[in-house]
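Below: the structure, in structure tokens.
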């Protein structure tokens, strides 16, 4: 073989190797990105389940505690705000992600106030419809925690791959963005004080 042919084959081999590596890195980012999107879809799914349960819960409580209008309005408004913050680009926009978390925390707070109202009505606490809704809501809250954890794991795997050299260059060329994480709510590090 001629020296020129050997050099040409070597250069061609390097180009093929770089092309294969480039394709593999890009496909890996796509796979991880889709994993994050799937995990986010599950988060949205369980939050939507909670949003769907809220009107039924409010209507059931209204039948027993009609004069608690302020609480019902607060829950309804918080539900509306929470529903308005769900969108696909939430996970790549820190401001939208913070607004999403804030609206969900406000809904959780409003639901907690509604449960305090329920404590005043023993007949309501014995109502089978209310008990079923309350059990579904508790299960949904547990699912939310699980899915948020799974989302954070998927986001961490993606963000790690996204930030590694030289994959970060490919990510930049094709518009991949790092993903936001769920964090504990403000004040969660302070244990509640129980007084007897």
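Structure values in brief
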{"item": "Breaking point among (1) touching a residue at least 12 places away in the same chain (Cβ under 8 Å); (2) within 21 Å of residue 31 (Cβ to Cβ); (3) part of a helix (DSSP H, G or I), for residue 99", "result": "(2)"}
{"item": "Matching residues in region 63-75 - criterion: being part of a helix (DSSP H, G or I) and exposed (fewer than 13 other Cβ atoms within 10 Å of the Cβ)", "result": "69, 70, 73"}
{"item": "Lone unmet requirement of (1) closer than 22 Å to residue 185 by Cα; (2) modelled with pLDDT under 90; (3) surrounded by 15 or more Cβ atoms within 10 Å (Cβ to Cβ) for residue 78", "result": "(2)"}
{"item": "Residue list for region 169-196, filter: surrounded by fewer than 13 Cβ atoms within 10 Å (Cβ to Cβ) and either at pLDDT 90 or above or under 24 Å from the mean Cα position of the chain (by Cα) (or both)", "result": "169, 172, 173, 174, 175, 183, 184, 186, 187, 188, 189, 190"}
{"item": "Among residues of region 78-96, those that are under 23 Å from residue 175 (Cβ atoms) and assigned to a helix (DSSP H, G or I), counted", "result": "8"}
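For (1) under 29 Å from residue 152 (Cβ atoms); (2) surrounded by 14 or more Cβ atoms within 10 Å (Cβ to Cβ), each residue gets a yes or a no:
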site: 16; (1), (2): no, no
site: 25; (1), (2): yes, yes
site: 32; (1), (2): yes, yes
site: 41; (1), (2): yes, no
site: 45; (1), (2): yes, no
site: 82; (1), (2): yes, yes
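To keep it simple, each residue is scored yes or no on (1) modelled with pLDDT of 90 or more; (2) loosely packed, with under 15 Cβ neighbours inside 10 Å; (3) within 19 Å of the chain's Cα centre (by Cα).
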| position | (1), (2), (3) |
| --- | --- |
| 94 | yes, yes, yes |
| 112 | yes, yes, no |
| 120 | no, yes, no |
| 125 | no, yes, no |
| 140 | yes, no, yes |
| 146 | yes, yes, yes |
| 149 | yes, yes, yes |
| 167 | yes, no, no |
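The values are calculated or read from the model by the stated rules, or taken from the named source; none is laboratory data. Note that the structure is a prediction, hence the values are computed from the model and not measured. Here the Cβ is made from the backbone with ideal geometry for all residues, glycine too, and neighbour counts use every protein chain on show.
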